[in-house]
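See below for the structure under consideration.
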Amino acid sequence: MKGGRGGRDRLVKRQYEDFPYPPRNPLDEKKRLITGSPSHLDELNHYIFAGARDFSAPFSALVAGGGTGDAAIMLAQQLADRGLAGQVTYLDLSAASRRIAEARAEARGLKNITFLSGSLLDLPSMGIGPFDYIDCCGVLHHLEEPEAGLAALAAVLQDGGGMGLMVYATLGRTGVYPVQEALKMLAGDAPTGEQVKVAKHLLRDLSPGHWLKRNPVLGDHKLDDDAALYDLLLHPRDRSYLVGELFDLLATAEMELLGFIEPVRYEPELYLKEPELRKRARNLSPEARAALAENLAGTLKTHSFYTRKIGGSAPGVAAFDPDMIPFLRDGNPAPLAAALAGRETLTVPFDGQPIEIAVPEGSADFVRQLDGTRRLRDIQTAFSLSWPNFRARFAPVYKMLNGLNLLWLRKF
(Lines give C-alpha, C1' and ligand atoms only; values in the text may rest on other atoms or scores of the structure.)
Protein backbone atom coordinates (compact mmCIF):
# COMPACT_ATOMS: atom_id res chain seq x y z
CA MET A 1 0.00 0.00 0.00
CA LYS A 2 1.43 3.36 -0.97
CA GLY A 3 1.45 5.74 1.95
CA GLY A 4 1.39 9.49 2.31
CA ARG A 5 -1.34 12.02 1.84
CA GLY A 6 -1.03 12.19 -1.94
CA GLY A 7 -1.18 8.41 -2.33
CA ARG A 8 -4.22 8.04 -0.11
CA ASP A 9 -5.97 11.00 -1.78
CA ARG A 10 -5.40 9.36 -5.15
CA LEU A 11 -6.89 6.09 -3.90
CA VAL A 12 -9.93 7.83 -2.37
CA LYS A 13 -10.61 9.59 -5.68
CA ARG A 14 -10.12 6.34 -7.60
CA GLN A 15 -12.67 4.59 -5.39
CA TYR A 16 -15.43 7.05 -6.18
CA GLU A 17 -14.58 7.12 -9.88
CA ASP A 18 -14.87 3.32 -10.03
CA PHE A 19 -17.71 2.99 -7.52
CA PRO A 20 -19.85 6.15 -7.26
CA TYR A 21 -21.61 6.01 -3.91
CA PRO A 22 -24.34 5.55 -3.02
CA PRO A 23 -25.45 3.82 -6.26
CA ARG A 24 -28.22 5.84 -7.90
CA ASN A 25 -30.16 5.57 -11.16
CA PRO A 26 -31.29 8.97 -12.56
CA LEU A 27 -34.38 7.28 -14.04
CA ASP A 28 -35.64 6.70 -10.49
CA GLU A 29 -36.16 10.46 -10.07
CA LYS A 30 -39.45 10.04 -11.93
CA LYS A 31 -40.71 7.82 -9.12
CA ARG A 32 -39.45 9.32 -5.87
CA LEU A 33 -37.52 12.03 -4.05
CA ILE A 34 -34.98 10.65 -1.57
CA THR A 35 -35.19 12.59 1.70
CA GLY A 36 -33.35 12.14 4.95
CA SER A 37 -31.31 13.72 7.72
CA PRO A 38 -29.60 16.05 7.96
CA SER A 39 -30.58 18.72 5.41
CA HIS A 40 -34.32 18.21 5.13
CA LEU A 41 -35.39 21.83 4.75
CA ASP A 42 -37.92 21.83 7.60
CA GLU A 43 -35.55 19.95 9.87
CA LEU A 44 -32.62 22.32 9.38
CA ASN A 45 -34.97 25.27 9.83
CA HIS A 46 -36.01 23.84 13.21
CA TYR A 47 -32.46 23.18 14.43
CA ILE A 48 -30.49 26.12 13.02
CA PHE A 49 -32.93 28.97 12.36
CA ALA A 50 -35.37 28.49 15.28
CA GLY A 51 -38.07 27.65 12.74
CA ALA A 52 -38.05 31.24 11.44
CA ARG A 53 -36.27 30.96 8.05
CA ASP A 54 -38.26 32.20 5.05
CA PHE A 55 -37.12 30.02 2.16
CA SER A 56 -38.80 32.24 -0.40
CA ALA A 57 -36.02 34.74 0.40
CA PRO A 58 -32.48 34.23 -0.96
CA PHE A 59 -30.91 31.13 0.56
CA SER A 60 -27.58 29.59 -0.42
CA ALA A 61 -26.60 26.03 0.44
CA LEU A 62 -23.38 24.12 -0.15
CA VAL A 63 -23.22 20.33 -0.37
CA ALA A 64 -19.56 19.56 0.24
CA GLY A 65 -18.77 16.05 -0.91
CA GLY A 66 -22.01 15.76 -2.87
CA GLY A 67 -21.44 12.21 -4.13
CA THR A 68 -24.20 10.94 -6.38
CA GLY A 69 -26.45 13.79 -5.29
CA ASP A 70 -28.88 12.78 -2.54
CA ALA A 71 -28.51 15.93 -0.40
CA ALA A 72 -28.13 18.33 -3.33
CA ILE A 73 -31.22 16.96 -5.08
CA MET A 74 -33.27 16.97 -1.87
CA LEU A 75 -32.35 20.56 -1.00
CA ALA A 76 -32.74 21.85 -4.56
CA GLN A 77 -36.12 20.22 -5.07
CA GLN A 78 -37.49 21.45 -1.75
CA LEU A 79 -36.19 24.97 -2.42
CA ALA A 80 -37.66 24.94 -5.93
CA ASP A 81 -41.01 23.87 -4.51
CA ARG A 82 -41.02 26.95 -2.23
CA GLY A 83 -39.90 29.67 -4.63
CA LEU A 84 -37.09 30.74 -6.89
CA ALA A 85 -34.64 32.27 -4.42
CA GLY A 86 -32.82 29.16 -3.16
CA GLN A 87 -29.54 28.04 -4.72
CA VAL A 88 -27.45 24.92 -4.10
CA THR A 89 -23.75 24.49 -4.84
CA TYR A 90 -22.55 20.91 -5.30
CA LEU A 91 -18.86 20.09 -4.80
CA ASP A 92 -17.17 16.71 -5.20
CA LEU A 93 -13.85 15.20 -6.29
CA SER A 94 -15.38 12.43 -8.39
CA ALA A 95 -16.30 13.13 -12.00
CA ALA A 96 -18.30 9.89 -12.16
CA SER A 97 -20.36 10.84 -9.09
CA ARG A 98 -20.93 14.34 -10.43
CA ARG A 99 -22.25 12.97 -13.75
CA ILE A 100 -24.86 10.93 -11.88
CA ALA A 101 -25.88 13.90 -9.73
CA GLU A 102 -26.17 16.12 -12.83
CA ALA A 103 -28.29 13.52 -14.60
CA ARG A 104 -30.60 13.33 -11.59
CA ALA A 105 -30.99 17.12 -11.55
CA GLU A 106 -31.71 17.12 -15.30
CA ALA A 107 -34.33 14.39 -14.86
CA ARG A 108 -36.12 16.67 -12.39
CA GLY A 109 -35.66 19.84 -14.42
CA LEU A 110 -33.82 21.51 -11.54
CA LYS A 111 -32.05 24.73 -12.53
CA ASN A 112 -30.96 25.85 -9.06
CA ILE A 113 -27.81 23.71 -8.65
CA THR A 114 -24.28 24.82 -9.56
CA PHE A 115 -21.99 21.82 -10.04
CA LEU A 116 -18.31 22.16 -9.16
CA SER A 117 -15.46 19.65 -9.07
CA GLY A 118 -12.81 19.88 -6.38
CA SER A 119 -11.82 19.28 -2.79
CA LEU A 120 -13.61 20.88 0.13
CA LEU A 121 -10.15 21.64 1.53
CA ASP A 122 -9.81 24.27 -1.20
CA LEU A 123 -13.06 26.06 -0.34
CA PRO A 124 -11.42 29.12 1.30
CA SER A 125 -9.58 29.91 -1.94
CA MET A 126 -12.34 29.06 -4.43
CA GLY A 127 -14.09 32.42 -4.27
CA ILE A 128 -17.53 30.98 -3.52
CA GLY A 129 -19.86 31.60 -0.60
CA PRO A 130 -20.42 32.46 2.11
CA PHE A 131 -23.30 30.02 2.53
CA ASP A 132 -26.36 30.08 4.76
CA TYR A 133 -26.21 26.32 5.12
CA ILE A 134 -23.60 23.62 4.51
CA ASP A 135 -24.24 19.90 4.21
CA CYS A 136 -21.24 17.61 4.65
CA CYS A 137 -22.22 14.00 5.22
CA GLY A 138 -19.90 11.03 5.15
CA VAL A 139 -16.89 13.12 4.13
CA LEU A 140 -14.90 14.45 7.08
CA HIS A 141 -14.13 10.96 8.36
CA HIS A 142 -12.44 10.15 5.02
CA LEU A 143 -10.01 13.08 5.20
CA GLU A 144 -6.43 12.77 6.43
CA GLU A 145 -7.06 15.80 8.66
CA PRO A 146 -10.78 16.12 9.45
CA GLU A 147 -9.99 19.24 11.50
CA ALA A 148 -8.68 20.98 8.36
CA GLY A 149 -11.81 19.97 6.48
CA LEU A 150 -14.12 21.35 9.15
CA ALA A 151 -12.09 24.58 9.29
CA ALA A 152 -12.45 24.95 5.51
CA LEU A 153 -16.22 24.55 5.80
CA ALA A 154 -16.41 27.06 8.65
CA ALA A 155 -14.46 29.57 6.56
CA VAL A 156 -17.27 29.75 3.98
CA LEU A 157 -20.20 29.62 6.41
CA GLN A 158 -22.22 32.76 7.13
CA ASP A 159 -22.00 33.83 10.78
CA GLY A 160 -25.78 33.41 10.95
CA GLY A 161 -25.77 30.02 9.23
CA GLY A 162 -25.21 26.45 10.24
CA MET A 163 -24.15 23.02 9.07
CA GLY A 164 -25.64 19.56 8.93
CA LEU A 165 -22.91 16.94 9.35
CA MET A 166 -22.62 13.17 9.51
CA VAL A 167 -19.59 11.19 10.64
CA TYR A 168 -19.13 7.55 11.48
CA ALA A 169 -19.71 6.46 15.08
CA THR A 170 -17.31 3.95 16.58
CA LEU A 171 -19.37 1.48 18.59
CA GLY A 172 -21.88 0.55 15.92
CA ARG A 173 -19.03 -0.18 13.49
CA THR A 174 -17.50 -2.84 15.70
CA GLY A 175 -15.84 -5.41 13.46
CA VAL A 176 -15.38 -3.12 10.46
CA TYR A 177 -11.86 -1.90 11.14
CA PRO A 178 -10.16 -5.26 11.78
CA VAL A 179 -11.51 -6.46 8.43
CA GLN A 180 -10.37 -3.24 6.73
CA GLU A 181 -6.85 -3.81 8.07
CA ALA A 182 -6.90 -7.45 6.98
CA LEU A 183 -7.90 -6.46 3.46
CA LYS A 184 -5.14 -3.86 3.25
CA MET A 185 -2.69 -6.64 4.03
CA LEU A 186 -4.24 -9.03 1.50
CA ALA A 187 -5.17 -6.69 -1.34
CA GLY A 188 -2.91 -3.66 -0.87
CA ASP A 189 -3.56 -1.03 -3.54
CA ALA A 190 -4.51 -3.56 -6.23
CA PRO A 191 -7.09 -2.49 -8.82
CA THR A 192 -10.48 -1.89 -7.24
CA GLY A 193 -12.10 -4.84 -8.98
CA GLU A 194 -9.45 -7.19 -7.64
CA GLN A 195 -9.89 -5.75 -4.14
CA VAL A 196 -13.61 -6.46 -4.29
CA LYS A 197 -12.91 -10.05 -5.35
CA VAL A 198 -10.51 -10.52 -2.42
CA ALA A 199 -13.04 -9.00 -0.01
CA LYS A 200 -15.79 -11.37 -1.14
CA HIS A 201 -13.48 -14.34 -0.63
CA LEU A 202 -12.55 -13.07 2.83
CA LEU A 203 -16.18 -12.60 3.85
CA ARG A 204 -16.90 -16.21 2.91
CA ASP A 205 -13.92 -17.40 4.96
CA LEU A 206 -14.52 -15.11 7.93
CA SER A 207 -15.31 -16.92 11.16
CA PRO A 208 -18.97 -16.75 12.29
CA GLY A 209 -17.60 -15.49 15.60
CA HIS A 210 -15.91 -12.45 14.08
CA TRP A 211 -17.39 -9.18 15.31
CA LEU A 212 -18.23 -8.10 11.75
CA LYS A 213 -20.57 -11.05 11.36
CA ARG A 214 -21.90 -10.76 14.90
CA ASN A 215 -22.74 -7.06 14.56
CA PRO A 216 -26.47 -6.80 13.70
CA VAL A 217 -26.25 -3.04 13.26
CA LEU A 218 -24.46 -3.45 9.94
CA GLY A 219 -27.26 -5.52 8.45
CA ASP A 220 -28.49 -2.71 6.18
CA HIS A 221 -25.17 -2.61 4.31
CA LYS A 222 -25.89 -4.51 1.10
CA LEU A 223 -22.54 -6.20 0.71
CA ASP A 224 -23.65 -7.94 -2.46
CA ASP A 225 -23.37 -4.47 -4.06
CA ASP A 226 -19.75 -3.78 -5.01
CA ALA A 227 -19.95 -0.04 -4.23
CA ALA A 228 -21.39 -0.69 -0.76
CA LEU A 229 -18.86 -3.43 -0.09
CA TYR A 230 -15.97 -1.19 -1.10
CA ASP A 231 -17.23 1.76 0.93
CA LEU A 232 -17.58 -0.30 4.11
CA LEU A 233 -14.56 -2.60 3.99
CA LEU A 234 -12.07 -1.30 1.42
CA HIS A 235 -12.11 2.46 1.83
CA PRO A 236 -8.49 3.68 1.82
CA ARG A 237 -9.07 6.24 4.56
CA ASP A 238 -11.73 5.81 7.22
CA ARG A 239 -12.07 6.77 10.89
CA SER A 240 -14.90 6.97 13.37
CA TYR A 241 -15.84 9.12 16.36
CA LEU A 242 -17.03 8.62 19.88
CA VAL A 243 -19.25 11.42 21.18
CA GLY A 244 -16.43 13.00 23.18
CA GLU A 245 -14.16 12.99 20.13
CA LEU A 246 -16.91 14.60 18.10
CA PHE A 247 -17.18 17.51 20.55
CA ASP A 248 -13.39 17.86 20.41
CA LEU A 249 -13.53 18.01 16.59
CA LEU A 250 -16.15 20.77 16.64
CA ALA A 251 -14.09 22.76 19.15
CA THR A 252 -11.11 22.86 16.75
CA ALA A 253 -13.20 24.98 14.35
CA GLU A 254 -14.97 26.96 17.11
CA MET A 255 -18.25 25.28 16.32
CA GLU A 256 -20.91 24.12 18.77
CA LEU A 257 -23.47 21.36 18.56
CA LEU A 258 -27.12 22.34 18.21
CA GLY A 259 -28.75 18.93 18.15
CA PHE A 260 -28.31 15.28 17.28
CA ILE A 261 -30.68 13.38 15.00
CA GLU A 262 -32.67 11.60 16.48
CA PRO A 263 -32.29 13.44 19.82
CA VAL A 264 -33.84 10.72 21.99
CA ARG A 265 -31.04 8.32 21.12
CA TYR A 266 -28.62 10.59 22.98
CA GLU A 267 -30.76 10.66 26.16
CA PRO A 268 -29.42 8.19 28.79
CA GLU A 269 -32.89 7.76 30.30
CA LEU A 270 -33.90 5.90 27.15
CA TYR A 271 -31.67 3.03 28.23
CA LEU A 272 -31.98 3.25 32.03
CA LYS A 273 -34.90 2.00 34.10
CA GLU A 274 -33.50 2.18 37.63
CA PRO A 275 -34.58 5.52 39.20
CA GLU A 276 -31.26 6.09 40.96
CA LEU A 277 -29.32 5.61 37.72
CA ARG A 278 -31.66 7.96 35.87
CA LYS A 279 -31.17 10.56 38.59
CA ARG A 280 -27.39 10.29 38.30
CA ALA A 281 -27.60 10.63 34.53
CA ARG A 282 -29.69 13.81 34.80
CA ASN A 283 -26.92 15.44 36.84
CA LEU A 284 -24.37 15.09 34.04
CA SER A 285 -23.46 17.82 31.54
CA PRO A 286 -25.16 17.65 28.11
CA GLU A 287 -21.92 16.38 26.54
CA ALA A 288 -21.48 13.70 29.21
CA ARG A 289 -25.13 12.67 28.91
CA ALA A 290 -24.73 12.13 25.16
CA ALA A 291 -21.54 10.14 25.71
CA LEU A 292 -23.24 8.02 28.36
CA ALA A 293 -26.17 7.32 26.04
CA GLU A 294 -23.76 6.25 23.31
CA ASN A 295 -22.07 3.79 25.66
CA LEU A 296 -25.39 2.45 26.92
CA ALA A 297 -26.78 1.97 23.41
CA GLY A 298 -23.65 0.47 21.94
CA THR A 299 -25.20 0.47 18.45
CA LEU A 300 -24.75 3.98 17.06
CA LYS A 301 -22.90 3.65 13.75
CA THR A 302 -23.24 7.26 12.60
CA HIS A 303 -23.63 10.65 14.26
CA SER A 304 -25.88 13.07 12.35
CA PHE A 305 -26.17 16.54 13.85
CA TYR A 306 -26.49 20.29 13.34
CA THR A 307 -23.89 22.82 14.38
CA ARG A 308 -23.20 26.57 14.28
CA LYS A 309 -20.31 28.94 14.93
CA ILE A 310 -19.65 29.75 18.57
CA GLY A 311 -20.61 33.38 18.95
CA GLY A 312 -22.38 33.42 15.58
CA SER A 313 -25.86 34.78 15.04
CA ALA A 314 -27.64 31.57 14.00
CA PRO A 315 -30.73 31.43 16.26
CA GLY A 316 -30.44 27.73 17.06
CA VAL A 317 -33.14 25.25 18.00
CA ALA A 318 -36.81 26.25 17.89
CA ALA A 319 -38.48 26.54 21.29
CA PHE A 320 -41.87 25.30 22.50
CA ASP A 321 -43.44 28.75 22.33
CA PRO A 322 -47.09 29.88 21.90
CA ASP A 323 -46.42 31.46 18.50
CA MET A 324 -44.80 28.36 16.97
CA ILE A 325 -46.57 25.99 14.58
CA PRO A 326 -45.97 22.31 15.42
CA PHE A 327 -46.07 20.00 12.40
CA LEU A 328 -45.36 16.37 11.71
CA ARG A 329 -42.61 15.32 9.35
CA ASP A 330 -45.02 13.34 7.18
CA GLY A 331 -47.94 15.74 7.70
CA ASN A 332 -50.31 12.90 8.59
CA PRO A 333 -51.56 12.98 12.20
CA ALA A 334 -54.29 10.31 12.00
CA PRO A 335 -52.16 7.12 11.92
CA LEU A 336 -49.76 8.43 14.57
CA ALA A 337 -52.62 9.41 16.88
CA ALA A 338 -54.10 5.94 16.44
CA ALA A 339 -50.75 4.32 17.23
CA LEU A 340 -50.41 6.36 20.44
CA ALA A 341 -54.00 6.11 21.69
CA GLY A 342 -54.32 4.26 24.98
CA ARG A 343 -50.63 3.30 25.10
CA GLU A 344 -48.18 3.81 27.95
CA THR A 345 -45.15 2.72 25.93
CA LEU A 346 -44.13 2.59 22.29
CA THR A 347 -41.62 0.09 20.93
CA VAL A 348 -39.25 1.65 18.42
CA PRO A 349 -36.61 -0.29 16.48
CA PHE A 350 -33.24 1.48 16.65
CA ASP A 351 -30.66 -0.32 14.49
CA GLY A 352 -32.86 -3.39 14.60
CA GLN A 353 -32.98 -3.39 18.40
CA PRO A 354 -36.42 -2.82 20.02
CA ILE A 355 -36.42 0.05 22.50
CA GLU A 356 -39.40 0.99 24.66
CA ILE A 357 -40.25 4.69 24.92
CA ALA A 358 -42.70 6.06 27.48
CA VAL A 359 -45.77 7.65 25.92
CA PRO A 360 -46.86 10.74 27.90
CA GLU A 361 -50.52 11.02 28.83
CA GLY A 362 -52.55 12.90 26.25
CA SER A 363 -50.17 12.19 23.36
CA ALA A 364 -52.90 11.07 20.96
CA ASP A 365 -55.07 14.09 21.83
CA PHE A 366 -52.19 16.45 21.06
CA VAL A 367 -51.27 14.75 17.78
CA ARG A 368 -54.85 15.00 16.50
CA GLN A 369 -54.49 18.81 16.64
CA LEU A 370 -51.38 18.89 14.42
CA ASP A 371 -52.78 20.01 11.07
CA GLY A 372 -49.63 22.00 10.20
CA THR A 373 -51.35 25.39 10.32
CA ARG A 374 -52.38 25.92 13.95
CA ARG A 375 -50.05 27.61 16.39
CA LEU A 376 -49.47 26.21 19.85
CA ARG A 377 -51.60 29.03 21.31
CA ASP A 378 -54.51 27.89 19.08
CA ILE A 379 -54.15 24.33 20.33
CA GLN A 380 -53.89 25.67 23.88
CA THR A 381 -57.20 27.47 23.40
CA ALA A 382 -58.82 24.32 22.03
CA PHE A 383 -57.94 22.53 25.28
CA SER A 384 -59.16 25.48 27.41
CA LEU A 385 -55.91 25.52 29.40
CA SER A 386 -53.68 28.32 30.61
CA TRP A 387 -50.29 28.40 28.92
CA PRO A 388 -48.42 27.08 32.00
CA ASN A 389 -50.87 24.16 32.32
CA PHE A 390 -50.83 23.49 28.59
CA ARG A 391 -47.05 23.48 28.54
CA ALA A 392 -46.82 21.18 31.55
CA ARG A 393 -49.19 18.72 29.90
CA PHE A 394 -47.98 18.71 26.33
CA ALA A 395 -44.31 19.74 26.33
CA PRO A 396 -43.41 16.12 27.26
CA VAL A 397 -45.41 14.93 24.24
CA TYR A 398 -43.55 17.35 22.01
CA LYS A 399 -40.20 16.24 23.47
CA MET A 400 -40.99 12.58 22.78
CA LEU A 401 -42.08 13.19 19.17
CA ASN A 402 -39.28 15.61 18.42
CA GLY A 403 -36.85 13.15 19.99
CA LEU A 404 -37.97 10.59 17.42
CA ASN A 405 -37.56 13.22 14.68
CA LEU A 406 -41.27 13.09 13.89
CA LEU A 407 -42.24 16.63 14.94
CA TRP A 408 -40.70 20.04 14.29
CA LEU A 409 -41.62 23.69 14.90
CA ARG A 410 -41.81 26.67 12.56
CA LYS A 411 -42.97 30.28 12.76
CA PHE A 412 -44.77 30.41 9.39
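In region 165-186, what residues are crowded, with 19+ Cβ neighbours inside 10 Å and small (Gly, Ala, Ser)?
Residues satisfying the conditions are Ala169, Gly172.
Test Gly138 against the criterion of being of a type outside the set (Ser, Thr, Tyr), farther than 30 Å from Asn215 by Cβ, open to solvent by less than 40 Å² (accessible area, probe 1.4 Å) and within 20 Å of the chain's Cα centre (by Cα), and give yes or no.
no
Hey, among Glu29, Glu17, which residue is surrounded by fewer than 21 Cβ atoms within 10 Å (Cβ to Cβ) and over 21 Å from Arg410 (Cα atoms)?
Glu17
Applying the selection to region 104-131, what residues are of a type in the set (D, E, K, R) and within 20 Å of Gly36 (Cβ to Cβ)?
The answer is Arg104, Arg108.
Please name all residue pairs, on different chains or six or more residues apart, with Cβ atoms under 8 Å, provided the first residue is in region 173-186 and is closer than 21 Å to Tyr241 by Cα and the second residue is open to solvent by 70 Å² or more (accessible area, probe 1.4 Å).
Cβ pairs passing all conditions: Thr174/Trp211; Gly175/Trp211; Gly175/Lys213; Gly175/Arg214; Pro178/Trp211.
So if I check each of Gly149, Gly161, which one is open to solvent by less than 20 Å² (accessible area, probe 1.4 Å) and within 29 Å of Pro236 (Cα to Cα)?
Gly149
When you go through (1) over 26 Å from Asp248 (Cα atoms); (2) at pLDDT 95 or above; (3) out of contact with any strand residue (DSSP E or B) (no Cβ under 8 Å at 6 or more places or on another chain) one by one for Ala76, which number turns out not to apply?
(3)
If a residue must be within 28 Å of the chain's Cα centre (by Cα), without any contact (Cβ under 8 Å) to a residue 60 or more places away in the chain and open to solvent by 30 Å² or more (accessible area, probe 1.4 Å), how many such residues does region 187-225 contain?
8
Residues checked against (1) modelled with pLDDT of 95 or more; (2) in a helix (DSSP H, G or I); (3) over 24 Å from His142 (Cα atoms):
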{"site": "Asp9", "(1), (2), (3)": "no, yes, no"}
{"site": "Val12", "(1), (2), (3)": "no, yes, no"}
{"site": "Tyr21", "(1), (2), (3)": "no, no, no"}
{"site": "Thr35", "(1), (2), (3)": "yes, no, no"}
{"site": "Pro38", "(1), (2), (3)": "yes, no, no"}
{"site": "Asp42", "(1), (2), (3)": "yes, yes, yes"}
{"site": "Tyr47", "(1), (2), (3)": "yes, yes, yes"}
{"site": "Phe55", "(1), (2), (3)": "no, no, yes"}
{"site": "Ala61", "(1), (2), (3)": "yes, no, no"}
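Which residues, taken from region 87-118, are free of Cβ contacts under 8 Å to residues at least 40 places away in the same chain, over 21 Å from the mean Cα position of the chain (by Cα), open to solvent by less than 30 Å² (accessible area, probe 1.4 Å) and on the phi < 0 side of the Ramachandran plot?
Ala105, Leu110, Asn112, listed by residue number.
If I ask for residues that are farther than 24 Å from Leu404 by Cα and either among the β-branched types (Val, Ile, Thr) or in contact with a Pro (Cβ under 6 Å, 6 or more places away or on another chain) (or both), which ones from region 33-92 would you list?
Hits for region 33-92 are Val63, Thr68, Ile73, Ala85, Val88, Thr89.
Looking at Glu181, Glu144, which one is of a type in the set (D, E, K, R) and in a loop (DSSP other than H, G, I, E, B)?
Only one candidate qualifies: Glu144.
So which residues in region 32-83 are open to solvent by 40 Å² or more (accessible area, probe 1.4 Å) and of a type in the set (Ser, Thr, Tyr), if there are any at all?
Thr35, Ser37, Ser56
The values are calculated or read from the model by the stated rules, or taken from the named source; none is laboratory data. The shown structure was predicted, so the numbers you read here are calculated from the model rather than taken from an experiment. Reconstructed Cβ throughout: ideal geometry from the backbone, glycine too, with neighbour counts over all protein chains shown. Areas reflect the complete protein model, heavy atoms only, side chains present, ligands, DNA and RNA absent. Shrake-Rupley method; radii C 1.70, N 1.55, O 1.52, S 1.80 Å.
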